[in-house]
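What follows is calculated from the coordinates using simple rules that are stated; it is not laboratory data. In this text the structure is predicted, and so the values were computed from the model without any measurement. Neighbour counts are summed over all protein chains in view; Cβ atoms, including those assigned to glycine, are modelled from backbone coordinates with ideal geometry.
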Amino acid sequence: MLLALGLFAQAPDDDLLSELGDSEPTLLVNASFKTNRVINLHSLENTAPGVMDFKVSHRFGFVDQGIYDLFGLDNASMRLGFEFGLTNRLAAGFGRASYQKTYDGFIKYKILRQKTGAKSFPFTVAYISTVAIKTLKPQTDNPKHFFSSNLNYTHQLLIGRKFSDKLSLQVTPILVHRNLVPTLAIDNDIFFVALAGRMKLTKWVSINAEYIPKVSGRLDEKYRNSLSLGFDIETGGHVFQLHFTNSTSMSDHSIFTETVGDWAKGQIHFGFNISRVFTLWNK
């Protein structure tokens, strides 16, 4: 009888502990990165629902051009972009870059989200699909140069984790498909694995880095892996990203496949991204 009473008394205690465990709130982990870009790469973050993110991206010329071109300030390329948060998981955007007069668009969906609490999950996974078209007039009258020849696509799987309030890391497998390539010695499909990270220095400032090595596929030997270093500075509704990169383009496919700058030779661009958000509708 004493044993039965002991078991009966223990059962409510076990139920209470179970209820306490179930009542622990599940919280989404956010602000892995300051904006939806690391530098050139898309980050784990989405534009909030009902918000438009207007981006101005600017790259000066290579700093190795010396004083004659004021270390690249005389030569610049830029991109204007508009990105929209459609739901808590879905975002889309488009833009126009001066490099090869490129128009681009993307759609981004968060498949899994990092969480803490009773139903925790260790990392975030997002998928991005992009399309871009170069409108620069071809230097040939080849009748086989069609509209579709100018189209390029990327598919990116963003996988990352915010390890602490200061440190976030991200790895991104990337597939680039180009409808037209210069020669048969160059592949239409190229595979990359990008590495990126953010370290928060103060409440308003962080340092970012990204490296995008090619892992398979044939490119022209003049092209290099993209490497970028920079700072994010938040001021009210603006985020300023100041950086150095060897990539001239600001459209995804050509960042990955057409970077020619060599850091060892000083062939790097100083540039900046400015992000300003506007609320279009209530969540």
Practice item. Could you list which residues have their amide H under 5 Å from that of THR248, counting only those 5 or more apart in sequence or on another chain, with H placed in the peptide plane? Key: VAL260, GLY261
Exercise for review: Using only Cα atoms, tell me the angle between helix 2-22 and the longest principal axis of the chain; keep it within 0 to 90° and round to the nearest 10.
Suggested key: 30 degrees
Point to revise | Most mobile listed residue (SER77, SER247, SER164) in the chain, GNM with C-alpha springs under 10 Å | key: SER164
Exercise for review: With a cut-off of 17 Å, note down the residues of region 224-258 whose backbone N falls inside the zone around a label point 7 Å from the Cα of LYS166 toward its beta carbon.
Suggested key: 232
Check your understanding: If you take the Cα atoms of the chain, find Rg, then find the Kirkwood Rh from the mean of 1/r over all pairs, what is Rg/Rh?
Key -> 1.12
Study note, to complete from the structure: Computed over the chain, the relative contact order (Cα-Cα under 8 Å, seq sep at least six) in percent reads 19 percent
Check your understanding: Can you put GLU234, GLU24, GLU210 in order, fewest other beta carbons within 10 Å first?
Key -> GLU24, GLU234, GLU210
Check your understanding: For PHE94 and TYR68, what is the calculated FRET efficiency with R₀ set at 41 Å and r taken between the beta-carbons, to the nearest 0.05?
Key -> 0.65
Practice item. Go ahead and estimate [θ] at 222 nm for the chain from helices alone: -39,500 (n - 2.57) per DSSP H run with n ≥ 4, summed, over the residue count, rounded to 500. Key: -3000 deg cm²/dmol
Exercise for review: With unit charges on the beta carbon (Lys/Arg positive, Asp/Glu negative), name the residue among LEU136, PRO122, LEU90 whose Cα is farthest towards the positive pole of the charge dipole of region 54-184.
Suggested key: PRO122
Review point. Between GLN267 and residues 5 or more places away or on another chain, which pairs have amide H atoms under 5 Å apart, with H built 1.01 Å from N, and which residues are they?
Key: ASP262
**Study point:** Farthest toward positive dipole pole in the chain [+1 Lys/Arg, -1 Asp/Glu at C-beta], among ILE207, THR183, GLY105
**Key:** THR183
Review point. Just how large is the dipole of the chain about the Cα centre, in debye to the nearest 20, putting +1 at every Lys and Arg Cβ and -1 at every Asp and Glu Cβ?
Key: 660 debye
Exercise for review: Estimate the FRET efficiency between THR183 and ASP262 by the formula 1/(1 + (r/R0)^6), using the beta-carbon distance for r and 25 Å for R0, to the nearest 0.05.
Suggested key: 0.65
